[in-house]
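This report refers to the structure that appears directly beneath it.
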Amino acid sequence: MTPAAQMHIQQTKAESRATGGPQYYLHGVPSHVKAFLRARGACPVLLQTPYGIARSSFVAVGRDHKLSGGKVVAGRVGHDRIQGDQSIGEAIRYWYGLKSGHDFARVDLDVVIHKEDHFILIPTAVTRRGQRRPTPLEKMPMPLSFHRDHSSKLWRRQIENRRRQSADDTAWAAHQIGRIVREHQEARSQSIKEEDLLRAAGALSLLGVDLSPYVGKGYDCPRSRFHFAGLPEYPCPVEIKKRSSGFRYQVARYADLPRVVILCVEHDMVNPPDHVDIIELLA
């Protein structure tokens, strides 16, 4: 993975809503990113959201190429650009919970080339058409993690929101999680299976985490969803472990996903991968 480099995208014309939505060209592209795009012609794009990276339909396309029938072919369009089933500006508006209205004249981005295969685009600020001042978009490290070493700002914000909405529900969730943790820590309970942690599903749901059914292949709860702080739902698989260090098997066996969360009683993994968040019930 290359270090993050800065660039921006600009909307080509205000009238583009009438022809399929606002269109954006790449500007200020760093030389190494430009060379990568020229050599590849086009590459898939993952979009950073407040929750973490999300898959998208977007493709970065170089100025000397175009997409035809799903294939990259030569074509002198003259601009490096972002293409997809929708406008990338509208996708950013959706994920960051920004109000509709004026189109974005400019979006500032950090770009990372990941595994020489695709771009990760990380929005850092948006400037609405007709306005001078940009609106910053916060980058949150380990956004879905809550454990002894790190509780993300997104999680803290969500818990405070839930407390304001219903202090009783939040207190009940804390009590339920605490009871499950105590039972798993008892010496006589060492034979309890990992999936017993699904008893925390009701409490976690009150806090904004909906665990999907437990399955026997791949990740344990692959269709789980997070819904925090008025943002849209974010699909993310959840792996159930007594201790987070037990995830080493999955790291070696399963392909990278945009993000995966480990739900565990106790966090003891050293140096988790960048795409792995951890929820420690003990914390």
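The values are calculated or read from the model by the stated rules, or taken from the named source; none is laboratory data. For clarity, every value in this text was computed on a predicted model and none was experimentally measured. Virtual Cβ from ideal backbone geometry, glycine too; neighbours counted across all protein chains shown. SASA here: full protein model, heavy atoms, side chains in, ligands and nucleic acids out. Shrake-Rupley method; radii C 1.70, N 1.55, O 1.52, S 1.80 Å.
Cβ-Cβ contacts under 7 Å between residues 6 or more apart (or on different chains), taken from a first residue in the stretch 229-256 that is under 19 Å from Q158 (Cα atoms) and at pLDDT 75 or above to a second residue that is of a type in the set (V, I, T) and surrounded by 18 or more Cβ atoms within 10 Å (Cβ to Cβ), are listed as Y234/T49; C236/V260; C236/V261; V238/V261. The set of residues in the stretch 143-173 being open to solvent by 80 Å² or more (accessible area, probe 1.4 Å), assigned to a loop (DSSP other than H, G, I, E, B) and not acidic (D, E) consists of R148 alone.
Taken over the stretch 67-93, residues that are open to solvent by less than 50 Å² (accessible area, probe 1.4 Å), part of a loop (DSSP other than H, G, I, E, B) and more than 15 Å from T12 (Cβ to Cβ) amount to 1. If a residue has to be farther than 24 Å from N161 by Cβ and among the aliphatic types (A, V, I, L, M) to count, how many in the stretch 214-239 make the cut? The qualifying residues number 1. Quick check on H102: is it assigned to a helix (DSSP H, G or I) and touching a strand residue (DSSP E or B) at 6+ places or on another chain (Cβ under 6 Å)? Spelling it out, it is not the case that H102 is assigned to a helix (DSSP H, G or I) and touching a strand residue (DSSP E or B) at 6+ places or on another chain (Cβ under 6 Å).
The number of residues in the stretch 200-224 being open to solvent by less than 50 Å² (accessible area, probe 1.4 Å) and part of a strand (DSSP E or B) comes to 2. Of the residues making up the stretch 38-64, those that are over 23 Å from the mean Cα position of the chain (by Cα) and either modelled with pLDDT of 90 or more or open to solvent by 50 Å² or more (accessible area, probe 1.4 Å) (or both) number 4. In the stretch 109-142, which residue that is basic (K, R) and assigned to a loop (DSSP other than H, G, I, E, B) is nearest to the chain's Cα centre (by Cα)? Ranking the candidates gives K139 first.
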